[in-house]
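Report on one structure; see the data block that follows.
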Amino acid sequence: MRNLRQNKHRSNRSNAWSGSKSSNQSKFDPYLSEWALVRADRNPMTTIILSDELKIDVYMRPIRDTFVRPFTIDDLEKTLQSIPLKFLHGLERIILFGGTKKQELTAGRMFRDGMYYPFESGGMIVLYPFLEKRMNWNCSRYSPHEIQEFRWAGAKIVSYKGGLFAQFDEESLKKYYLKIVLIHEIGHHVDWMKNKHDSKKPITEEFADWFVAVYGVVRMQE
């Protein structure tokens, strides 16, 4: 992701949308309608309390029947507890989208798994649901690093007629979201909080990938 000293950080490491910049907001965006629903609901579904000083509000949209959310709030809390608390300070909320018909129809070219939004005071993470029919996911155009992330999560990579498919089951998809996507977004948060007063230092994918390697992948074995 490119220079994010703006108002949001797209973190779709694994699809064409990752090339979009914040300046492209005028383009069709199937996620805007659900954003409006999230903004209308000002009360969090729950608050994850990690310490007396560290509390993270969680907002959750109802899941559409064609999508899956492969983890529970308890899973989310356990993953957050596995991260040193110093890295989570300033993380104000996590939003779990539920999916819409427009997102379903455009998932092949505009799918998102996670996003980080930096604020002056901190930031928030958004996790998007996974389209159920994409459990066998064409990953031919993804980078070797991205395909390795699928393998780390336990997905089976299968070759078909010159293409590649990532075959997820319930457990591997859960690991992908909690140990890669979520940790990647936390990495962006750490990067932002560390350098937010330095306009010349961008939030980088490299730092978030390193954060996943240390606090996600390594701890998959624990």
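The values are calculated or read from the model by the stated rules, or taken from the named source; none is laboratory data. All values reported here derive from a predicted model rather than from experimental measurement. Cβ atoms come from the backbone with ideal geometry, glycine included; neighbour counts cover every protein chain shown. Side chains included, ligands, DNA and RNA excluded: accessible areas come from the protein's heavy atoms. Shrake-Rupley method; radii C 1.70, N 1.55, O 1.52, S 1.80 Å.
Among the residues of region 65-110, those that are touching a Ser or Thr at 6+ places or on another chain (Cβ under 8 Å) and farther than 27 Å from Asp52 by Cα comprise Gly99, Thr100, Lys102, Glu104. Taking region 148-198 as the range and being buried (at least 18 other Cβ atoms within 10 Å of the Cβ) and of a type in the set (Gly, Ala, Ser) as the test, the residues that pass are Ala153, Ala155, Ala166, Ser172, Gly187.
Residues of region 206-222 that are modelled with pLDDT under 90 and surrounded by fewer than 17 Cβ atoms within 10 Å (Cβ to Cβ): Val218, Arg219, Met220, Gln221, Glu222. Residues that are assigned to a helix (DSSP H, G or I) and either surrounded by 14 or more Cβ atoms within 10 Å (Cβ to Cβ) or acidic (Asp, Glu) (or both) within region 72-90 comprise Ile73, Asp74, Asp75, Leu76, Glu77, Thr79, Leu80, Phe87, listed in sequence order.
Only one of the numbered conditions (1) of a type in the set (D, E, K, R); (2) in contact (Cβ under 8 Å) with a residue 60 or more places away in the chain; (3) open to solvent by 10 Å² or more (accessible area, probe 1.4 Å) is not met by Arg112, and that is (3).
Can you find a residue that is within 16 Å of Ile183 (Cα to Cα), of a type in the set (Gly, Ala, Ser) and either surrounded by 14 or more Cβ atoms within 10 Å (Cβ to Cβ) or without any contact (Cβ under 8 Å) to a residue 60 or more places away in the chain (or both) anywhere in region 99-107?
Let us first name the residues in region 99-107 that are within 16 Å of Ile183 (Cα to Cα), namely none.
No: region 99-107 contains no residue that is within 16 Å of Ile183 (Cα to Cα), of a type in the set (Gly, Ala, Ser) and either surrounded by 14 or more Cβ atoms within 10 Å (Cβ to Cβ) or without any contact (Cβ under 8 Å) to a residue 60 or more places away in the chain (or both).
This table checks each residue for (1) of a type outside the set (Ser, Thr, Tyr); (2) more than 16 Å from the chain's Cα centre (by Cα).
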| position | (1), (2) |
| --- | --- |
| Lys55 | yes, yes |
| Thr72 | no, no |
| Phe87 | yes, yes |
| Leu96 | yes, no |
| Thr106 | no, yes |
| Asn136 | yes, yes |
| Ser140 | no, yes |
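Would you list the strands (runs of 3 or more DSSP E) that sit entirely within region 98-176 and hold 2 or more residues that are closer than 30 Å to Lys196 by Cβ and at pLDDT 90 or above? Spell out how you get there, then give the answer.
Values: elements: 114-118, 123-127, 136-138, 156-160, 163-167.
Because the criterion is at least 2 residues that are closer than 30 Å to Lys196 by Cβ and at pLDDT 90 or above, the strands (runs of 3 or more DSSP E) in region 98-176 that meet it are 114-118, 123-127.
Could you tell me which residue of region 46-70 is surrounded by the fewest Cβ atoms within 10 Å (Cβ to Cβ), considering only residues that are among the hydrophobic types (A, V, I, L, M, F, W, C) and farther than 15 Å from Met135 by Cα?
Per the criteria, the residue is Ile49.
Return yes when Arg93 is in a loop (DSSP other than H, G, I, E, B) and open to solvent by 10 Å² or more (accessible area, probe 1.4 Å) and no when it is not. So Arg93 does not fit the description; no.
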